[in-house]
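The values are calculated or read from the model by the stated rules, or taken from the named source; none is laboratory data. What you see is a predicted model, and the numbers here were worked out from it, not measured in a lab. For neighbour counting, all protein chains shown are included, and Cβ atoms are generated from backbone atoms with ideal geometry for every residue, glycine included.
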């Protein structure tokens, strides 16, 4: 089985060719403003250097931080309309209420609350206000927004109100994209609504990006199916991912953590992924990324995602160092413009890459261009970046004893060999492209979300688990590697026969065919 | 000696919410929504004074407010301040008298925050005490019930502003039964203004200074987080609690029945508890915990489940499969552990054929 893994980061686009259990070839190229250009360049090099037959590639997996970066950096997000169906419930806290003001200013379009939605027992809170909804749809059409998030009270139990609102919107506003909250989240109105609105503000970008991916693959002569990696380390088809970009938010760090485990063979370790813009510190437990427990914030927006527990700091290869004070590092990075703006490439700005070249930790660009950097300046800047990494690792540690630290990412030359609280700093082959490796080895999942009637809870859960496992195996998972990652049941008291809505998600490694 | 009234800041409320959520023992609802609403009121220049119950005049009329119902319902419908404020004005209209201040029905969870929203809207101070010292699912599980104070009148309001006044009830358990029916009809959530109290009653029959206590617990958590220390260990030490179990959620069974959220959480042990199991039943709040099928802790001892890393309390409506959590016990107020108190809030009051034996040694109490 031959898989291509691609990681599109803010600075670099990496591509690897994984053949069964081995990394056959890896390349690193600069990300381009149009994203697709970088992929084409990476694939061109990978295919030429590895001389692989494009027809033998079974699947292409792309991981990208593009959507998270859009939210975090406040760019390429669309203005969206919000419709909440639930009055007179939840009247004081409007949609976007807990968003950071700068992001709200960019994303918040016309916002409406109308009567409707359901109680926990399935009774309507109030009859769905069709007249008001039609007026809302007309005003959204007049406002000229292309995307809307719809969230009804208790839609995870009964999504009729969201469905009806979406139908009116689609009939009134041609071409509008509607994100329905029950497709994305669970009980907890504000967190589900936030996820819905985040998704709505990214769908246009996601569609363009996915189209760019598809084109880049076609331009490279690859016909294998294209998958996009998700928050939990599994993949979904590109067309599906384009509808739900929020599912791809944490795929970058998830991939680098899983890639680090794959490359090192370690199951329990800390991992630091030093990229061009940030360093992410995470933790591997039993071979899987340790998950953040409670609410997770994305770009300051409170959500209920399941994501790896990460600490991100603004420290990477492209991070700027203040020429007047080497202890002032970041958080601004030159990003993908490293090859134009860094000193070693003839630019005018001092980056940590320049510092590392001057310290002979790295061979890149023209070393003569950093000869004028003072030795004391270089030493002080490195010492400061080491301290920043050391503090981050310490904050993420949950063991009192020393633990191994796997260093990955394009900027891992910044990780010192000795750190407090760390038993060994582990360097592995292909460490610079660990997240592309993580994408290539992404898992597959099987999901069940259905209503069971007339069964005891135990039997319903067993059935759902068996069904989900079956679907995972059909999707290509190896049966012995399956594990349940999500399991939730909600009794639906308004339906007869002990009705239970059960959601189960099972994931497993891709079965290796010989 | 009584404390002077003090102006409650948003920072105070943020700390209070953390502590109240821990004292909620899984129930009382997540305080986040009320905090968001409080930020809006405070941004408009409103605020609330906290007053010492011991400084109340004997005849000062005090409103007792809180939300009743299933926490799961409130996660979707939320608890708007204007609805809770309406229960108070309704009671004033019924009595033909004005309240001097508002007190907390239960300090635990979101219910601890509700009086502050009502106070900000109506311009009334909040008294530093409550009727549970924690959170409990029923009206007859309060210090006022334990002290045999009258259970009526009650006002109840829902999100549609449907209103009911219960003008009389034979006792607290009748009031609980009647109001529960209405609460369920309202969609398993209702705002209530319970039987009004006077200062004289509050001074002798409530849990004193529990707002300050929750604030102190919140500050302990915040200080530990800032210092990258373990917030759970910090709370256990400062509140003389016990650390019971460290594990991962293996199963959550939840049912919304009769206006309550009932169910069971099963944990599998991690680290020092590897190979062991812990099971906790709940009726809105955690009620009984079994370690390896042996009863380990029961109400009225406080059974708190906290996020192992952040130290944040985990509610019965939010706890989920795979979560890493720590079970902690905190001591209950003495009045709840008296023989009369145990009749109202001991394991038998929750339907368990168990005698209460505190997990805390006598000397530590």
Within segment B:26-128, helices (runs of 4 or more DSSP H) holding 2 or more residues that are more than 30 Å from residue A:152 (Cβ to Cβ): B:81-95, B:110-122
Please work out which residue is nearest to residue A:23 (Cα to Cα), limiting yourself to segment A:406-422 and to residues that are in contact with a helix residue (DSSP H, G or I) (Cβ under 8 Å, 6 or more places away or on another chain) and free of Cβ contacts under 8 Å to residues at least 40 places away in the same chain. A:416
What number of residues within segment A:92-112 satisfy the criterion of being within 12 Å of chain B (Cβ to nearest Cβ) and in contact with a strand residue (DSSP E or B) (Cβ under 7 Å, 6 or more places away or on another chain)? 4
Name every residue in segment B:27-36 that is within 14 Å of another protein chain (Cβ to nearest Cβ) and either within 12 Å of the chain's Cα centre (by Cα) or buried (at least 24 other Cβ atoms within 10 Å of the Cβ) (or both), in order of residue number. B:29, B:30, B:31, B:33, B:34
Can you tell me which residue within segment A:54-91, out of those that are over 29 Å from residue B:34 (Cβ atoms) and over 24 Å from the mean Cα position of the chain (by Cα), is nearest to the other protein chains (Cβ to nearest Cβ)? A:57
Number of the exception - residue B:343 against (1) away from every other protein chain (no Cβ under 14 Å); (2) assigned to a loop (DSSP other than H, G, I, E, B); (3) surrounded by fewer than 16 Cβ atoms within 10 Å (Cβ to Cβ): (2)
Would you check if there is a residue in segment B:141-162 being more than 19 Å from the chain's Cα centre (by Cα), modelled with pLDDT under 95, on the phi > 0 side of the Ramachandran plot and crowded, with 24+ Cβ neighbours inside 10 Å? no
Where residues in segment B:167-191 are more than 14 Å from chain A (Cβ to nearest Cβ) and touching a helix residue (DSSP H, G or I) at 6+ places or on another chain (Cβ under 6 Å), which of them is surrounded by the fewest Cβ atoms within 10 Å (Cβ to Cβ)? B:169
If I ask for residues that are within 14 Å of chain A (Cβ to nearest Cβ) and out of contact with any helix residue (DSSP H, G or I) (no Cβ under 9 Å at 6 or more places or on another chain), which ones from segment B:315-334 would you list? B:319, B:320, B:321, B:322, B:323, B:324, B:325
Checking the condition more than 14 Å from every other protein chain (Cβ to nearest Cβ), under 20 Å from the mean Cα position of the chain (by Cα) and at negative phi, which residue from B:286, B:278, B:245 passes? B:286
Being at pLDDT below 95 and under 30 Å from residue A:71 (Cα atoms) is true for just one of A:53, A:7. Which residue is that? A:7
For segment A:266-310, give me every one of the strands (runs of 3 or more DSSP E) that falls completely inside it and has 1 or more residues that are under 30 Å from residue A:188 (Cβ atoms) and within 14 Å of another protein chain (Cβ to nearest Cβ). A:279-285, A:296-298, A:301-303
Kindly provide the set of residues from segment B:325-340 that are crowded, with 20+ Cβ neighbours inside 10 Å and more than 17 Å from the chain's Cα centre (by Cα), ordered by number. B:325, B:326, B:327
Some residue of segment A:71-86 being in contact with a strand residue (DSSP E or B) (Cβ under 7 Å, 6 or more places away or on another chain), assigned to a helix (DSSP H, G or I), modelled with pLDDT under 95 and surrounded by fewer than 20 Cβ atoms within 10 Å (Cβ to Cβ): no
Does residue A:425 satisfy being under 30 Å from residue A:379 (Cβ atoms), outside any loop (DSSP other than H, G, I, E, B) and in contact (Cβ under 8 Å) with a residue 24 or more places away in the chain? no
Kindly check whether there is at least one residue in segment B:48-67 that is more than 21 Å from residue A:191 (Cα to Cα), within 14 Å of chain A (Cβ to nearest Cβ) and modelled with pLDDT under 95. yes
Can you go through A:389, A:405 and tell me which one is assigned to a helix (DSSP H, G or I) and in contact with a strand residue (DSSP E or B) (Cβ under 9 Å, 6 or more places away or on another chain)? A:389
For residue A:10: the one exception among (1) assigned to a loop (DSSP other than H, G, I, E, B); (2) crowded, with 20+ Cβ neighbours inside 10 Å; (3) in the same structural domain as residue A:181 (by TED's automatic domain parsing): (3)
Scan segment B:234-263 for residues that are within 18 Å of residue A:491 (Cα to Cα), in contact (Cβ under 8 Å) with a residue 24 or more places away in the chain and out of contact with any helix residue (DSSP H, G or I) (no Cβ under 9 Å at 6 or more places or on another chain) and jot them down. B:252, B:263
